[in-house]
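The values are calculated or read from the model by the stated rules, or taken from the named source; none is laboratory data. Computed from a prediction, not measured in an experiment: that's the story for all the values here. All Cβ positions, glycine included, derive from the backbone under ideal geometry; neighbour counts span all protein chains shown. Only protein heavy atoms, including side chains, enter the accessible area calculation; ligands, DNA and RNA are left aside. Shrake-Rupley method; radii C 1.70, N 1.55, O 1.52, S 1.80 Å.
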Amino acid sequence: MSEQTPKAVNWMKWFDPRSRGVGMWAFIINRLSGLGLVLYLVLHLIMLGKLAKGPQAYDQFIAMMKTPFWIAGELLVVAAVFIHGLNGVRIILTSFGIGGDRQKQLFLIIMLVAGAAVIFFAWKMFAHAGGG
Amino acid sequence: MLEEGSLKDHFQSSDRFGEGAILWFSKILSGFLLIAVLVIHLVVNHLVVSGGLLSHQQIVSYYQMAFIPAMEIIFLIVVVTHALLGLRSVLLDLKPSNKLLRVVNISFVLIGLAAITYGIWLVVAILNQG
């Protein structure tokens, strides 16, 4: 079993924040946001089953989702969508030879755009919750 | 119970198949398509509707527009495909053996088909309520 240890350590290095370059951070963030979104997708599909049960079951659930706690949770999903999506665009561009020598700048720009989008959605979502 | 040798094979085999060009391109293409449909999905559900998040009645009405059910089914197929290909990429980082990867492949195809079937059933159920 001793042969397995190095591989397990490699896997655990995903969570080791030391000595990371921007490229590795982009990779880790893309992986973690992707895994989070897969989990959300599963929960989302299960939850949507309430639509088939009729208005009462679904609307009761939606009323709960409009409380600040769940809006904050949903905002995390929106953040993951923008981070993962924009990072994906960066990967597409660099994979096809566009901006390969400007990867760090591209990553920082998409993080800023994602941050701005999350702030915008937070403002709109919490305004809705407050009746705005 | 797996023996040490087979465990080693699961994680360290060198003669293996992984993410080929077609699967990689499928992941990229589905991701690109996803961005377009997801923007519509987020805007409709979080920005347009008064009060945020559509009610049951609003969803049923929304689905009566001719292109919406088709768009939602395409969205479902693309998102499930992208999610499973992405999850497979993460698993590939753990260096599974060909044998284990084959199990993952078959499982993911079955999970994907089940998720898409469930989603299409749900779209039809919503349409029938209109």
- Summing -39500 (n - 2.57) over every DSSP H run of at least 4 in chain B, dividing by its residue total and rounding to the nearest 500, the 222 nm mean residue ellipticity is -25500 deg cm²/dmol
- Query: To the nearest 10 square angstrom, what accessible area does residue B:80 show with a 1.4 Å probe?
  - Reply: 10
- Query: What percent does the relative contact order of region A:27-132 come to when contacts are Cα pairs within less than 8 Å and at least six residues apart?
  - Reply: 33
- Any chance you could list the semi-axes, whole Å, largest first, of the equivalent ellipsoid that the Cα gyration tensor gives for chain B, using √(5λ)? 39, 15, 12
- Task: For region B:105-123 and region B:55-92, compute the distance between their C-alpha centroids and round to whole Å.
- Result: 12
- Message: Using a 1.4 Å probe on the protein heavy atoms only, what accessible surface does residue B:26 show? Give it in Å² to the nearest 10.
- Response: 40
- Query: What is the distance, in nm, between label points placed 7 Å from the Cα along the Cα-to-Cβ direction at residue A:113 and at residue A:32?
  - Reply: 2.2
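In percent, how large is the relative contact order of chain B, given Cα pairs closer than 8 Å and 6 or more residues apart?
Values: 78 pairs, mean separation 56.8, N = 130.
Normalised by residue count, the contact order of chain B is 44 percent.
Would you tell me the mean number of C-beta atoms belonging to other protein chains that fall within 10 Å of each C-beta in B:45-52, as a whole number? Can you show the working numbers first?
On the way: counts 1, 8, 5, 1, 1, 3, 6, 12.
Average per residue, whole number: 5.
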- Note on the structure: HN-Hα couplings for region B:85-100 via Karplus (6.51, -1.76, 1.60; θ = phi - 60°), in whole Hz with x for Gly/Pro, come out as 5, x, 5, 5, 4, 5, 5, 4, 5, 7, 6, x, 6, 4, 4, 5
